[in-house]
Structures are given as C-alpha cells and as structure tokens.
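To start, the structure itself, in structure tokens.
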Amino acid sequence: MIVPEGLKRTAVICVLKNGNNFLLLKRLKEPNKDTYTPVGGKLDPYESPYKAALRETYEETGIKVEKMKFCGMLTESSPTKYNWTSYVYLAEIDFIPPPPCNEGDLEWIAFEQVLDVPTPKTDWFIYQYLLQNKTFAFSADYDADLNLLIMHEEIEDILVF
C-alpha cells in the first residue's frame, strides 16, 4: 500500500528511563540520523500503539518491559514526506549497561546533559513533561528543510516553541 505524501504515518516513541537518566539511541539512519532519540518505530498492520511500544522496545533493545505508561502524543507536520502521529510511552527500567542495537548506539544520557548532545527539539519538551509527570498533546510544524517552526501543547493551549 502506498501512503499518499502528506498523510500522517503512525508511530510510537518509547522512552526508557531510570531516575533522571534516559536510555537514548544515537541513530544510524534517517530520520534524525546522528541524533539521540528514544527507541520506537512504526505500527504494524492491525497493531495497537501499546503493543507496538512493547514490541519496538524489545526489538531495538532486547529489554522486555512488563508495562509502559501512555504519556501523550506528538503530531508532526511538514510540507515534505515527514508527517507523523506518534504515541509516547514511558517505562522505568533498571540501570543496565546499554545493550547492542542494530539501529545505532544506545547510551544513558542524564536529563541535564540532553541539551549537550544532538537531539530533536521536540524531544526536549517531551522529556520535560515526562519528568514533571504531565500528559501532553504536542503539535509541531516544520518547514521544507525540517526546521521546527512552531510547537504547541494543545491540552494547556500553550506555545512551547
């Protein structure tokens, strides 16, 4: 099935954390090549977002989490093929040596250091809301070069970027 350009694709963002530390993936390929992001990916046909989050976490880290908490959504819009609706889930995990991953290198990054590593601007706001235990519905708009133009949090109706 060919998805028409501009139509939103559905994915999960799986944030793995221990205290104020996040297990992030330095991505080997686009989108967001060479940046630090949570693990995650596209939903399979007929798959729920929750089941996709459990599956993607296991596939990319080898970590079998028993449960994940739904925390919010990120909707990304651009005039290019980059258009996503992502369900964001969180799992508190034990602090373990970063496992191998075929998508890139996993590393523990402290929240205070997230701005010191290349990371998508949208993710910084996600981490802030997660640490404050706040549910969110972010809407992010990009230009044709995928520069973030504006980001709105729709539950509180505030502009965050």
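Looking at ASP44, ASP94, which is the one that is acidic (Asp, Glu) and within 20 Å of GLY6 (Cα to Cα)? Checking each option against the conditions leaves just ASP44.
The listed residues are LYS33, LYS26, and the only one of them that is open to solvent by 60 Å² or more (accessible area, probe 1.4 Å) and free of Cβ contacts under 8 Å to residues at least 40 places away in the same chain turns out to be LYS33. The requirement of being over 17 Å from THR10 (Cβ atoms), without any contact (Cβ under 8 Å) to a residue 24 or more places away in the chain, exposed (fewer than 13 other Cβ atoms within 10 Å of the Cβ) and not basic (Lys, Arg) is fulfilled nowhere in the stretch 36-50; no residue meets it. Only residues that are assigned to a loop (DSSP other than H, G, I, E, B) and either within 22 Å of PHE111 (Cβ to Cβ) or open to solvent by 80 Å² or more (accessible area, probe 1.4 Å) (or both) were counted across the stretch 136-146, and they come to 1.
Taking the criterion of being part of a loop (DSSP other than H, G, I, E, B) and either open to solvent by 50 Å² or more (accessible area, probe 1.4 Å) or closer than 17 Å to PRO100 by Cα (or both), the residues of the stretch 7-23 that qualify are LEU7, LYS8, ASN20. A count restricted to the stretch 31-80 and to residues that are under 13 Å from the mean Cα position of the chain (by Cα) and at pLDDT below 95 stands at 2.
If you check ILE150, ILE126, ILE109 for being open to solvent by less than 30 Å² (accessible area, probe 1.4 Å), farther than 23 Å from ALA52 by Cβ and out of contact with any Lys or Arg (no Cβ under 6 Å at 6 or more places or on another chain), only one passes: ILE109. Remark: pairs (first residue in the stretch 147-161, over 16 Å from PRO120 (Cβ atoms); second residue among the hydroxyl-bearing types (Ser, Thr, Tyr) and open to solvent by 80 Å² or more (accessible area, probe 1.4 Å); Cβ separation under 7 Å; 6+ apart in sequence or on different chains) = ILE155/THR135. In the stretch 115-123, the count of residues that are surrounded by 15 or more Cβ atoms within 10 Å (Cβ to Cβ) and among the hydrophobic types (A, V, I, L, M, F, W, C) is zero. Among residues that are in contact (Cβ under 8 Å) with a residue 24 or more places away in the chain, over 13 Å from the mean Cα position of the chain (by Cα) and open to solvent by 10 Å² or more (accessible area, probe 1.4 Å), ASP94 is included.
Restricting the first member to the stretch 118-143 and to residues that are over 24 Å from PRO79 (Cβ atoms) and touching a residue at least 60 places away in the same chain (Cβ under 8 Å), and the second to residues that are in a helix (DSSP H, G or I) and among the β-branched types (Val, Ile, Thr), the beta-carbon pairs closer than 7 Å and six or more apart or on different chains are TYR127/VAL114. When GLU76 is tested against the conditions (1) in contact with a strand residue (DSSP E or B) (Cβ under 7 Å, 6 or more places away or on another chain); (2) acidic (Asp, Glu); (3) under 30 Å from GLU154 (Cβ atoms); (4) open to solvent by 40 Å² or more (accessible area, probe 1.4 Å), the lone failure is (4).
The values are calculated or read from the model by the stated rules, or taken from the named source; none is laboratory data. Here the structure is a predicted model, which means the values were calculated and not measured. Glycine gets a Cβ as well: all are built from the backbone with ideal geometry, and neighbour counts include every protein chain shown. Accessible surface is based on the protein model in full, side chains and every heavy atom, while ligands, DNA and RNA are left aside. Shrake-Rupley method; radii C 1.70, N 1.55, O 1.52, S 1.80 Å.
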